[in-house]
1. Which condition from (1) among the acidic types (D, E); (2) surrounded by 13 or more Cβ atoms within 10 Å (Cβ to Cβ); (3) modelled with pLDDT of 95 or more is the one that E40 breaks?
2. In the stretch 43-57, how many residues are open to solvent by 40 Å² or more (accessible area, probe 1.4 Å) and in a helix (DSSP H, G or I)?
3. Please enumerate the residues belonging to the stretch 58-110 that are crowded, with 16+ Cβ neighbours inside 10 Å and of a type in the set (S, T, Y).
Amino acid sequence: MAREVPDLRPRIIGVLRLLSSAEQQLDYERRVPGISVPTELLSQWFDDQYLPESESFRLRFSAGEMKALSVFNNYFEVAEKRLPQPRGGIGTLLEDETWQGIMREAARALSALGSGSTNQK
């Protein structure tokens, strides 16, 4: 019996929404105390959600959407190396230019997916 592969599209959209929104990041930190939100977001994107080598992943996105996700992923990979160690919670990191750039690029990718204005989490 074939294992059903989860639809990662809603998860990708959810992570991009979280990455692009200071308000959602602060809310996430309030709802899940004791974790490092930046570390969690890095893990969600790089380890759990962005799986472009997976056929089931690729089937959920158009060629243009895959390109937008790849552009964001490449930006995020480079930018995350320049991030300071998160001290004092996500609020401190929200003031960092590199994190702000990641947020802008996440919003751009989200827009390319046509999902910038809906409320899916």
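1. Exception for E40: condition (3).
2. The number of residues fulfilling the criteria is 4.
3. Across the stretch 58-110, the qualifying residue is only Y75.
The values are calculated or read from the model by the stated rules, or taken from the named source; none is laboratory data. What you see is a predicted model; the values in this text were computed from it and never measured. Positions of Cβ are generated from backbone atoms using ideal geometry, with glycine treated the same way; all protein chains shown enter the neighbour counts. Accessible surface is based on the protein model in full, side chains and every heavy atom, while ligands, DNA and RNA are left aside. Shrake-Rupley method; radii C 1.70, N 1.55, O 1.52, S 1.80 Å.
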